[in-house]
Amino acid sequence: LIITTSEGGATESPIVDLVRSSANPADNDELGMLRFYGYNDRGFSSGGPEKTLYGSIYAEIADASNGSEDGRFIVETIQAGSTAQTLVIDNAGVQVKTGPVTITSSDTNADLVISNSEVSSAEASPIIELWRQHGSGGGNDGDEIGEIQFYGMNDRTLSSGGPQKVQYATIYGEIIDSTAGTEDGSIKFGIANNGSIEDP
């Protein structure tokens, strides 16, 4: 399918409209979808390769209320044989359902920029939140609850396999006392010492 246009202006063109003209639209209705199929490697003794849905992109009605409509954009991929949401974009933000998220670059510019235009208070902003969800059992004293790790390369020679990725430093949070109402925490720093990370 090739769609061409001779439009020379700055307005987007060409345009493909996918319209679901339901008489009773409702929240969470799925709208137009693009599906991406390929074949797996099932052997001929089992019937041969199967047509498999590897990924899809679709929109969804988040809120159908007249005058305050919200939309949602969803990317799904197959994982271990089952379809799962990978990326969700809506008015609550961007949710990456599977990790890790890798940013690859080749210059010295910032690789991640978080900008916030809030001006009505003196509260800190922007904010990065690291949340270890312990589950129904709750947190425990001594739990490490989020970490920033700093890696570089060592100088191992090519004859020995070449330089290796090495962790040289770390910053992490820890629960000191998880008692409800009197919680205590700490920030700890670790540095590489003779090949191992140690608290200074």
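The values are calculated or read from the model by the stated rules, or taken from the named source; none is laboratory data. What you see is a predicted model, and the numbers here were worked out from it, not measured in a lab. All Cβ positions, glycine included, derive from the backbone under ideal geometry; neighbour counts span all protein chains shown. Heavy atoms of the whole protein, side chains included, go into the accessibility calculation; ligands, DNA and RNA do not. Shrake-Rupley method; radii C 1.70, N 1.55, O 1.52, S 1.80 Å.
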## Note on the structure
So the carbon and sulfur contribution to the accessible area of the chain, 1.4 Å probe, in percent, is 50 percent
### Query
Using a 1.4 Å probe, what is the accessible area per residue for segment 100-200, in Å²?
82 Å²
### Residue-by-residue Karplus 3J(HN,Hα) for segment 168-182, coefficients 6.51, -1.76, 1.60, Hz, glycine and proline x
9, 7, 7, 10, 8, x, 9, 7, 8, 9, 9, 4, 4, x, 10
### Task
With unit charges on the beta carbon (Lys/Arg positive, Asp/Glu negative), name the residue among 133, 112, 87 whose Cα is farthest towards the positive pole of the charge dipole of segment 85-166.
87
### Message
Can you bin every Cα-Cα distance in segment 30-174 into 5 Å intervals starting at zero and give me the percent of pairs per bin, rounded to whole numbers?
### Response
2, 6, 8, 11, 12, 14, 15, 13, 10, 6, 3, 1, 1, 0
### Query
With each pseudo-label sitting 7 Å past Cα toward Cβ, what's the residue 50-residue 70 distance in nm, one decimal?
3.7 nm
### Query
Which ³J(HN,Hα) values in Hz, rounded to whole numbers, follow from the phi angles of segment 107-115 under the Karplus curve 6.51 cos²θ - 1.76 cosθ + 1.60, where θ = phi - 60° and Gly and Pro get x?
9, 9, 6, 4, 8, 9, 10, 10, 10
### Linear extension gain, residue 167 paired with residue 104, 0.36 nm per residue minus alpha-carbon span
20.8 nm
